[in-house]
Structures are given as structure tokens and as C-alpha cells.
Amino acid sequence: MVHPWQDITLPAAERAADLLARMTAREKIAQLYGVWPGSDAQEQTGDVAPLQHEVAEHVDLEALLPHGLGQLTRPFGTAPVEPAEGAARLAAFQERVRAANRFGLPALAHEECLTGFTAWQAAVFPTPLAWGASFDPALVGRMAESIGASMRAVGVHQGLAPVLDVVRDPRWGRTEESIGEDPYLVATIGTAYVQGLQAAGIVATLKHFAGYAASRGARNHAPVSIGPRELADVVLPPFEMAVRDGGARSVMPAYNDLDGLPAHAHRALLTGLLREEWGFTGTVVSDYFGVSFLESAHGVTDSRAGAAALALAAGVDVELPAVRCFGAGDAPRDVVDRAALRVLTQKCELGLLDPGWTAAVPAGPVDLDPPHMRLLARELAEESVVLLARTGGALPLAHDARIAVVGPLADDPAAMLGCYTFPRHVGVEHPELPMGVTVPTLLRALRSELPAASFVADPADAEVCVVVAGDRSGLFGRGTSGEGCDAADLELPDGQGELIDRALASGTPTILVLLTGRPYALGRWADRLAGVVQAFFPGEEGGGAVAGVLSGRVNPSGRLPVSVPRGPAGQPWTYLAPPLGQRGEASSLDPTPLFPFGHGLSYTTFAWEVAPVPAELPTDGETTVRVTVTNTGDRPGTEVVQLYLHDPVGRVARPVVRLVGYARVPLPPGGSAEVHATFHADLASYTASDGLRVVEPGALELRVAASSATVHHRVPLTLTGPERVVGHERRMRCETKVK
């Protein structure tokens with residue numbers, strides 16, 4: 001007999017409801033947690049914070065599995081495993097799970113995938129800050145789809161990415177995991193990642209919901225005390241777009257509290273906003289040990305059963321990475337049923353409830369770093385490199401130059417990799433094993449790029465000196481960038497500034513190459529360097545990408561997703577400041593960045609023309625800005641047209657400018673293209689003092705710009721008609737086309 005839950009012609013929610021009605025209370029609870037085989041209370045992994053050690057426990061699988069299992073945690077990302085062997089092990093474990101429970105249900109397997117599938121021998125892509133620097137959602141979407149396909153091929157169902165935290169203070173260690181300091185850039189790039197990953201059949205998980213990057217002092221796991229309008233207008237829009245436009249199927253709450261209320265117990269956030277206002281229908285999965293932290297870190301309950309009750313009532317559906325709180329007491333039946341229905345519905349959508357489901361086992365070798373993925377990694381790395389400064393003709397490097405390449409990161413593959421890459425996340429705990437993927441260093445790539453050049457050790461003997469400086473990613477204090485590696489200031493770490501000073505003292509023209517996870521203060525050397533090239537952990541193909549920019553083979557087209565400060569103190573440096581956050585006579589401190597958000601140079605030149613735009617626009621209308629861009633130089637290049645909004649008068653203090661649209665425009669020498677940017681009045685909406693999001697009549701200015709501070713044309717607009725209150729249905733994108 002085929003029960004309704006086994007009938008693949010029925011809607012997923014109907015099938016899940018039928019199965020739920022057949023389950024015992026214990027079987028329902030079993031769908032709401034994960035297990036982490038091989039972790040052994042985290043003794044084999046080095047990615048654990050001190051608080052996590054306090055709540056990690058051994059799990060008796062034999063006692064758990066007869067009731068079923070909701071999630072399987074990181075079967076590939078816990079320890080190095082050869083891909084084909086890992087797929088076979090996962091399939092065998094799934095058969096064990098299915099055989100043990102009376103419905104034959106498998107677990108849903110999840111992995112990290114922030115810079116690619118976080119598995120040994122898997123392709124390593126640029127870090128998310130580099131995605132932001134590319135200003136290329138389409139390419140990020142292609143990358144995500146390729147990552148998802150590789151995960152799906154070995155039996156994984158869910159990816160814990162993307163990170164949609166908007167950078168508020170770049171001293172925060174997880175800046176490298178974020179896309180940038182502008183909510184529109186984060187929203188559009190992040191949504192493209194969601195769409196790509198889910199097109200491959202992998203559930204995307206938005207994190208960290210919400211406010212994680214806005215802690216005071218940029219400390220990890222720290223409280224967040226921001227106002228409701230900053231939350232609504234800066235922090236939340238990327239999540240809203242990824243849910244509404246991207247169709248994201250999972251959300252992960254943040255570790256922080258918001259004004260004293262932990263996100264994992266925040267019903268207004270996880271249910272009121274996410275589900276009731278935004279219409280989200282997927283699953284909410286806890287950050288690792290986030291439910292336990294309600295007891296051990298936040299102190300809002302005194303028991304694991306109490307933590308479970310708070311989290312379930314707020315809207316958390318799944319406890320990760322392993323069971324500790326869920327099932328520890330008698331949670332109300334209605335919240336358990338609600339969560340279990342969501343989990344079963346998602347499993348049904350993934351095909352895990354279908355009759356005859358079996359875990360796929362690859363027939364032959366598994367290549368997680370195939371040529372097409374390396375090509376994508378190279379393309380994204382090349383698009384993300386930012387040329388910050390260039391004087392005196394030292395760049396591009398002469399092909400027969402005598403070059404000194406100095407610095408601790410010049411010949412170190414780790415310089416290319418962020419903290420959520422497998423080699424830096426797990427591989428550091430297994431020094432006996434090879435890295436698993438080929439990662440050329442910058443020095444090696446430069447030698448290949450410039451075979452006629454000679455390389456010397458002493459800057460004084462060279463025609464040009466390349467200083468390679470930056471970060472070494474790590475976790476919880478074991479690096480200069482990464483989770484738990486927060487910085488006291490934005491001075492280059494480990495005394496690398498002295499290395500730049502010595503190179504400059506030699507009198508040789510000096511180019512600074514930065515391989516970092518955050519921006520660093522460069523004002524000390526700004527007027528003395530012959531060039532500055534910024535790359536944000538550009539991945540396995542990053543060495544070749546940076547070398548290509550230095551040689552001139554690649555014409556740089558990256559743009560800053562975060563501002564670069566002049567001095568190391570005076571936080572925050574984000575460009576989204578109202579007038580009082582700008583330079584003024586009332587303070588002796590000048591917060592103006594050295595290089596602004598959106599900045600980036602090219603080896604060619606561009607001319608811009610803007611067609612006339614009607615002066616008036618209804619508060620519910622739209623207009624199209626037409627920008628003609630011409631490559632006036634002698635080599636191919638890509639300009640990034642950026643559209644900013646300036647609202648001179650509002651009910652509350654507003655950012656002086658904020659990004660509302662952008663487009664990459666690749667052009668041959670002498671070539672022209674026209675960018676059509678459709679601006680809807682909804683993009684001028686903001687949260688007023690009464691908490692309502694409004695579009696109000698009055699004067700606006702659109703700024704057609706090459707950066708937030710480099711404006712080519714100003715387009716005055718007057719919004720006419722009645723004030724409008726807008727919500728979840730509003731237009732969030734400026735649609736752009738390049739013709």
C-alpha cells in the first residue's frame with residue numbers, strides 16, 4: 001500500500017503532513033536535530049571556540065537512530081577524506097540511518113560552502129569579499145551553481161552559505177566572509193549566490209540573521225545594540241532580497257543578541273518578520289551550539305530543556321551541529337509539530353521521502369577540482385583584483401624588468417586562502433597531508449607570467465620592488481583574519497608596515513600587493529608607492545590573477561566593496577554615514593577614507609555621457625537613466641558604472657549617498673555601450689521615525705559615478721504625488737541592461 005506521504009504526485013506539504021500524523025512524539029523530535037559523526041566532541045577539529053567546548057558531548061548513535069535523524073553534520077568537512085571514499089561512506093551511513101527507523105527516512109546532509117565545497121581536494125574560490133569586489137552577480141551565480149553541483153554529486157543536500165552580514169566595522173574578523181559594506185551590493189551578490197546554489201539542488205542557508213557584524217568594538221560573539229532603523233535599512237535588506245527574490249530555503253540565526261534578546265530566541269525576528277511579513281516557508285537551522293548558548297552564554301535560561309523551548313517557540317526548527325537541547329524536555333506539541341512539518345516538507349522537496357530513494361554512490365573517481373571549476377575560480381579572481389593606485393609608470397610591470405619580490409606572503413599558498421577554505425579550516429590540523437589542491441603562490445605565478453624578467457632578492461638591486469603583505473587566515477585567534485580573529489585597529493599585522501618602509505627606503509619604485517581578509521590603513525605610504533594592488537583572499541587561482549594584473553595581461557576591473565582607511569583608528573569606516581558622520585569642523589578627526597567604496601582603477605580610460613532624464617517622477621513611478629560609456633584607451637577594459645542616491649532632506653538623518661544600482665561594461669578599445677538603469681521610486685524608501693518604510697515626495701539626486709566619491713554626472717529628480725508606505729512588496733532592485 002502506498003501512503004499519501006509516499007505519493008510523489010501530491011504537494012510536498014501535503015505529503016509531509018501525512019507523514020507527521022503517523023509519527024510518535026519522539027520520532028518528530030528526531031527530525032529536529034543533527035549528529036556530527038567523527039567529531040568526537042570536537043577533539044579532531046580545530047574550529048571550535050571555548051564556549052563550544054563546554055557544550056560538546058558524545059552522542060550514542062545506536063540509541064538515537066531508531067527514532068530517525070534530521071541532519072548529518074559535515075561528513076566531508078570534519079576531517080580529510082578522499083572524495084570518492086567520502087561519498088561511499090556517506091551513502092553507507094544513510095543506509096544505516098534508513099534501516100534503523102520505521103519509515104526508512106534518510107538524514108539531510110549539510111556542509112560549509114562559503115569559498116567552495118569545504119572538503120579536501122575541492123576547488124577553492126575567492127572569499128566573499130572578493131565576490132563583492134567583482135560587482136558581478138552573474139559570475140557569482142555561475143560559481144555557486146558549480147559548487148552546488150559538486151556537493152550534490154557526492155550526496156550533500158544543504159550548504160551553510162552565503163553570509164549576508166553587512167560590514168559595519170572591518171576590524172571584525174569575519175569581514176572576509178562578508179560581501180561588503182553596502183546592503184545593496186550584499187543583497188544582489190548574495191541573492192545571485194543563493195539562486196546558483198539552489199539551481200544545482202542544494203538548499204542555501206542565509207547567515208547570520210541578524211546584526212552579527214554590527215557588534216560594538218567589532219568583537220565576535222558580542223552584543224549588538226543598534227537602532228531599529230539601522231537594522232531595517234542596513235542589516236535586513238540582503239536577507240529580505242535573498243528570501244523574496246532568491247527563494248532561499250534556509251536561514252541561520254546569529255550568535256549575537258539584539259538589544260539583549262538572543263537571535264536564537266527572537267520570535268519577532270524568526271517568526272514575525274521572517275515568516276509572517278516576508279513569507280519565508282523554509283527551515284531555520286541553528287548556528288552551531290546556538291541553542292545551547294541560550295543557557296551557557298546568554299544566560300536567558302538555566303537548562304537545556306529551557307533553551308530548547310525558547311528556540312522552538314521563537315522559530316528555530318533544527319538544532320545543529322548535534323543534539324543536546326532538543327529532546328531534553330517536553331516542548332509544547334504545537335511548536336514541535338510546526339518545526340517537524342517544515343523539516344519533512346523540505347526533505348520531501350529534496351526527494352528524500354520518495355519511495356526507493358537511495359544515496360547515490362559515484363561509479364568512479366570523483367574530481368572536486370575539475371578544469372571548468374578552476375577556470376571559474378580564475379575568472380572570478382581576475383575580476384575581483386582592485387588596482388587602488390598607480391603612479392610613475394611602474395605598472396604594468398615591464399616584461400624584461402629586474403624585480404625584487406619580498407614579504408612573508410610572496411611565496412606562501414596560504415596567502416590566497418580564507419578561513420572557511422578546507423586547507424585553513426581543517427587542513428591545518430592535519431599537517432601530514434598535502435593541501436589537496438594546487439595553489440600557485442604569487443612569486444611562482446609572476447615567474448610564469450614574466451619569463452623574460454629577472455628576480456632578485458635585494459630591492460636596491462632591482463628596477464622595481466613588489467612587496468606582498470596581508471593576512472594569514474585562521475580561527476579563534478590562530479590567524480590575523482577569520483572567525484574570532486578580530487583586530488584592535490587597522491594597522492597591517494605582524495609589523496609588515498616596517499617591511500614597506502624598508503623597501504621604500506631603498507629608493508626603488510615600490511608596488512604594494514595586499515592579500516587580505518579586510519581593508520587596512522594605507523595613508524602612511526599613500527604618496528610614496530608606485531602602485532597598490534588589493535586582492536581579498538582570491539582562492540586557488542589568485543596567484544595567477546594578481547600576477548596577470550601586475551603584468552598587464554589582465555586589465556583590472558575590481559572595485560572596492562569596503563572603504564580603505566587612511567589611518568588605523570577612528571572606527572567605523574563604512575561610507576554609509578549621514579552628514580554628521582562626514583568630515584567637519586566640529587571634530588579634529590577626519591573619517592574620510594583614503595580609497596572610497598566602489599573605487600578601482602584601470603589600465604585604460606573611459607568617457608561617460610548621460611542622456612537627459614525627466615525632472616519629475618511620481619512616488620510610485622520609475623525612470624530610466626541612460627549612460628553611454630566609451631573606452632578611450634588602447635586596450636580592452638571593463639568599467640563599472642555605479643548609481644548612487646542622494647536624498648538631501650528626510651525625516652531622519654540619511655546616508656549622504658548609497659548605492660542603488662551598478663553594471664559591468666566590458667569594452668574593446670574605442671568601443672561604446674549604453675547602460676540602461678531603471679530606477680523605481682521604491683528605491684528611495686527608508687524607515688522613518690515611526691518605524692514605517694516610506695517613499696516621500698521631494699527632491700532627490702541620482703549620481704552616476706565611478707565610486708561613491710567619484711561622480712561623473714548628477715541627475716536631479718523631484719518625486720511628486722502622495723507619500724507612500726511600502727513593505728515587502730516594494731521594488732528592491734535597479735534593473736540594469738548593457739546594450
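The values are calculated or read from the model by the stated rules, or taken from the named source; none is laboratory data. On a predicted model such as this, the values are computed, not experimentally measured, just so you know. Every residue, glycine as well, gets a Cβ built from its backbone with ideal geometry; the counts of neighbours run over all protein chains shown.
Out of all the residues in the stretch 261-291, which are part of a loop (DSSP other than H, G, I, E, B) and either polar (S, T, N, Q) or within 12 Å of GLU240 (Cα to Cα) (or both)?
TRP278, GLY279, PHE280, THR281, SER286 - these are the residues of the stretch 261-291 that are part of a loop (DSSP other than H, G, I, E, B) and either polar (S, T, N, Q) or within 12 Å of GLU240 (Cα to Cα) (or both).
Quick grid of which residues meet (1) closer than 19 Å to THR441 by Cα; (2) in contact with a Ser or Thr (Cβ under 9 Å, 6 or more places away or on another chain):
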{"residue": "GLU498", "(1), (2)": "no, no"}
{"residue": "SER506", "(1), (2)": "no, no"}
{"residue": "THR510", "(1), (2)": "no, no"}
{"residue": "LEU515", "(1), (2)": "yes, no"}
{"residue": "TYR520", "(1), (2)": "no, no"}
{"residue": "ARG524", "(1), (2)": "no, no"}
{"residue": "ARG528", "(1), (2)": "no, yes"}
{"residue": "GLY531", "(1), (2)": "no, yes"}
{"residue": "GLY539", "(1), (2)": "yes, yes"}
Flagged pairs (Cβ under 7 angstrom, 6 or more apart or on separate chains; first in the stretch 238-261, within 27 Å of ASP682 (Cα to Cα); second surrounded by fewer than 22 Cβ atoms within 10 Å (Cβ to Cβ) and at pLDDT below 95) are ARG244/HIS728
Wholly inside the stretch 640-702, strands (runs of 3 or more DSSP E) that include 1 or more residues that are polar (S, T, N, Q), under 18 Å from VAL726 (Cβ atoms) and out of contact with any Leu (no Cβ under 6 Å at 6 or more places or on another chain) are 672-680
Pairing a residue in the stretch 711-735 that is more than 11 Å from LEU643 (Cβ to Cβ) with any residue that is β-branched (Val, Ile, Thr) and not in a strand (DSSP E or B), where Cβ atoms lie under 8 Å and the two sit 6 or more apart in sequence or on different chains, gives LEU717/VAL613; LEU719/THR619; THR720/THR619; GLY721/THR619; PRO722/THR619; GLU723/THR619; ARG724/THR619; ARG733/THR188
Determine, yes or no, whether CYS465 is surrounded by 15 or more Cβ atoms within 10 Å (Cβ to Cβ) and in contact with a His (Cβ under 7 Å, 6 or more places away or on another chain). no
Taking the stretch 99-131 and keeping only residues that are at positive phi and buried (at least 24 other Cβ atoms within 10 Å of the Cβ), one is left with GLY116
Reported set for the stretch 331-368 where residues are within 23 Å of ALA144 (Cβ to Cβ) and touching a Ser or Thr at 6+ places or on another chain (Cβ under 8 Å) is GLN346, LEU368
Selection over the stretch 526-544 where residues are touching a residue at least 24 places away in the same chain (Cβ under 8 Å) and over 23 Å from GLU181 (Cβ atoms) yields a count of 8
Cβ pairs under 6 Å, 6+ apart or interchain, first in the stretch 210-235 and in contact (Cβ under 8 Å) with a residue 24 or more places away in the chain, second part of a helix (DSSP H, G or I), ordered by first then second residue, are ALA210/VAL235; GLY211/VAL235; ASN220/GLY173; VAL224/ALA214; ILE226/ALA214; VAL234/PRO183
Condition check for ASP690: surrounded by fewer than 16 Cβ atoms within 10 Å (Cβ to Cβ) and more than 14 Å from THR736 (Cα to Cα) | yes
* Hey, any hits in the stretch 538-553 for a residue that's modelled with pLDDT of 95 or more, of a type in the set (Ser, Thr, Tyr) and touching a Phe, Trp or Tyr at 6+ places or on another chain (Cβ under 8 Å)? -> no
The correct count of residues that are out of contact with any Gly (no Cβ under 6 Å at 6 or more places or on another chain) and assigned to a loop (DSSP other than H, G, I, E, B) in the stretch 518-535 is 10
Scanning the stretch 364-382 for residues that are assigned to a loop (DSSP other than H, G, I, E, B) and of a type in the set (D, E, K, R), the one nearest to VAL154 (Cα to Cα) turns out to be ASP367
Selection from the stretch 718-735 of residues within 21 Å of TYR184 (Cα to Cα) and either assigned to a loop (DSSP other than H, G, I, E, B) or in contact with a Leu (Cβ under 6 Å, 6 or more places away or on another chain) (or both) yields VAL725, VAL726, GLY727, HIS728, GLU729, ARG730, ARG731, MET732, ARG733, CYS734
Filtering the stretch 582-620 down to residues that are in a strand (DSSP E or B), more than 17 Å from TYR662 (Cα to Cα) and not aliphatic (A, V, I, L, M) yields PHE595, GLU616, PRO618
Looking across the stretch 2-43 at residues that are touching a residue at least 12 places away in the same chain (Cβ under 8 Å) and acidic (Asp, Glu), the single one that is surrounded by the fewest Cβ atoms within 10 Å (Cβ to Cβ) is ASP40
